[in-house]
Each structure stands twice: as structure tokens, then as C-alpha cells.
Amino acid sequence: PLETTAHIWHNGKLIRWEDAQIHVMSHVIHYGSSVFEGIRCYQQPGGAGVFRLQEHMARLVDSAKIYRMPLPYTAEQLSDAVVDVIEANGVAPCYIRPIAFRGYGEIGVNPLKSPVEVYIANFPWGKYVPGDAGADVCVSSWSRLAPNTMPSLAKAGANYMNSQLIRMEAEINGYSEGIALDVNGYLSEGSGENLFLVRGGVLYTTPLANSVLNGITRSSVLTIAKELGITVVEQAMPREMLYICDEAFFTGTAAEVTHLRSVDRITIGDGKMGPITRSIHDEFFALVNGTKTDRFNWLTPVNVR
Ligand code: PMP
């Protein structure tokens, strides 16, 4: 069950968790008309900090723009609101869920006459213990969103019906996650993670054109890898690259940097976390856990005690 907090931010005000309710006839319930974010606030030795808050809020603004959803707040105002709600609730480390949606108004498909509601919740999410065992995943029988059906660059609630199909199928068949191909059969992403592969010392990830979300962790890993002097290539890749690569890992706010042990029961490398994944993984955690200084300015401090 979800651990609750005292307050949720709604349209500029803090309300009680219990009072953050909507009517069943709200547009979003029927047609999935929401855009949202998932953000982590990490604990560091000197306090707590939200990871890449401005980038997440800029993506929320982008998602809303794609869906012609006027947000009455700027990315800066929403970033301030995140700090306010975390400090009001006094909970860190935590997960933060900002969401904007079409509320109670019209029930026709066209959302433009229904009001836009913005909420920001946060709730405790303890430190992730990196499972060094690695994940056993499969290639999904479901494809990722085709580019001319649903925009992958929008982090929209409705996209997660596709994610749910991928994830349910994977878990029912005994895997922890599924990797979807795009409609042309090229590698895309997991139900909630971007995908990276290593072969011959080169780091590969799928480009944004292959129906992936523009992951904030993905972009952080690209920055870290370049700084570590690793050659990075963003290119379309066939499914079999998964079977013949030396290393593979997922990135995401929830997954952080999680190495893949096998795909379709074919072991990747020797199944253990490989050296390039290890170097990126360790650098990522050093930055978010504050054992290295925040040289990229990725953390927004919050005052929680
Ligand atoms: N792809 C999908 C479909 C996702 O839901 C997520 C999680 N937001 C990601 C990739 C990773 O994105 P991020 O690193 O910004 O969490």
C-alpha cells in the first residue's frame, strides 16, 4: 500500500492528502488525458536533494504542450512547488509525482473544454539497494507506440496502457521486465526504462526516433559516460544486439541504473555487471548519494529534518 503524507499541492495550494479527490466523470478517467512526472529526492550526507528537478518540470511542460493542455504554471513555479510540498511534508528520501490532467467538465472526447488540474504529491521511498544480481528480462510481444499514433516524447498517462501490457506479460511469464520493439522491429525501451547496450567497449542507446521517452536518467548517463571517456553511439539497433552484446542495462527514475542478466533466457556476457555498466552505475550513485560533489548541479536542495 502507498505510504501517505500530510499534504498534496493542488493548483497552487497545499491541501490534505485525504482531500485530493476527483469526480468519476472527470475527463481523465475516461480518456487517459493526463501528463505526469516521476522524480526522486535523494538523501545526501549534508541534507536532501531532488534529482534534476528543472529537467523533469521542463519535460512536464513539454508533455502538456504536445497535448494542447495549458498549464497555468511555469517549470520554475512547478519546481518551487515541489520543494514546498516536500518541505511541508518533511519526507526525504522520497518519490515525487506531479500530474496535470483534464478534470470535470465535458464528457466528449475533445478535452479542450475540461479544466486543467495540477497536483503534486510526494511519499516516502527508501534508498534503493542496488540488486547486483541483475534483471532477467524478455522481448515483449507488444510493440512500443508507433510514432504516428501516440507521441512517445510526452509522458502521458495513456501511454502507460501500452506499458501495462508489456509489464504484465513479462511478469506472468516469469521475467521482471519486457523490452518492446518499435513498429519497425528495432529496439525501443522497457515499460518504464530506457535501454543501453555495450559491445566492443562502445556504449549504445536507442535514439529518440525509436519511440522512447526522453529519459532524464538516460541523458544523465550519456553525460556521465562522455565524461568517463566512453564512446557513446545513439543508433537504431536490431533485437539480436541484445543477445550478442557484452553488457546491457536499464535507466530510469525508478530503475536508476539496473544491469540486465539475461534476455529471453540468453545470458548477457557472463551475467554479472560488466565494467562499463559498473563505472557508470558507481558514478551515478556517487552523485545522487552525495559521496561526490554535485559538479553538474543536478540536485536541488530541500530543507527536511
Ligand atoms: N521510458 C519510459 C516509458 C518511462 O516511463 C520512463 C520513466 N519515466 C523512462 C523511460 C525513464 O525516464 P526517466 O529516466 O526520466 O525516469
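No value in this document is a laboratory result; all are computed from the given coordinates. Small disclaimer: the values here were computed from a predicted structure and weren't measured. Here the Cβ is made from the backbone with ideal geometry for all residues, glycine too, and neighbour counts use every protein chain on show.
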Amide H neighbours of S114 under 5 Å, counting only residues 5+ apart in sequence or on other chains, H built in-plane at 1.01 Å? E106
FRET efficiency, D132 to I244 (Cβ-Cβ, R0 35 Å, nearest 0.05): 0.90
Surrounding charge for S191, neighbours by C-beta under 12 angstrom, Lys/Arg +1, Asp/Glu -1, total -3
Using mean Cβ contacts within 10 Å as the protection proxy, how do 190-200, 276-286 order, highest first? 190-200, 276-286
Cβ-Cβ cut-off under 12 Å around K272, Lys and Arg +1, Asp and Glu -1: the net charge is -2
With θ set to phi - 60° and the Karplus curve 6.51 cos²θ - 1.76 cosθ + 1.60, what are the ³J(HN,Hα) couplings of the range 298-303 in order, to the nearest whole Hz, using x for Gly and Pro? 8, 10, 9, x, 10, 9
So if each residue of separation counts as 0.36 nm, and I subtract the Cα-Cα distance between D282 and N11, what length gain in nm does that give? 93.7 nm
Cut-off under 5 Å, modelled amide H: who pairs with V304 long-range: A48
Taking the Cβ-Cβ separation of T223 and I66 as r and a Förster radius of 25 Å, what is the calculated FRET efficiency to the nearest 0.05? 0.50
Which net charge results when you count Lys and Arg as +1 and Asp and Glu as -1 among the other residues whose beta-carbon is under 12 Å from that of T251? -2
Gyration tensor verdict on the chain (Cα atoms; rounded if a/c is under 1.5, prolate if a/b is larger than b/c, oblate otherwise): oblate
Pairwise label distance in nanometres, Q77 with M25, each label 7 Å out on the Cα-Cβ vector: 2.9 nm
Does the range 115-262 come out rounded, prolate or oblate by the C-alpha gyration tensor, with a ≥ b ≥ c the root eigenvalues, rounded set by a/c under 1.5 and, if not, prolate when a/b is larger than b/c and oblate if not? rounded
In terms of the alpha carbon gyration tensor, root eigenvalues a ≥ b ≥ c, rounded if a/c is under 1.5 and otherwise prolate when a/b exceeds b/c or oblate, the range 78-201 is oblate
When DSSP beta bridges are limited to those with both residues in the chain, what percentage is antiparallel, rounded to the nearest 5? 85 percent
Placed amide H near T206: partners under 5 Å, 5+ positions off or other chain: L195
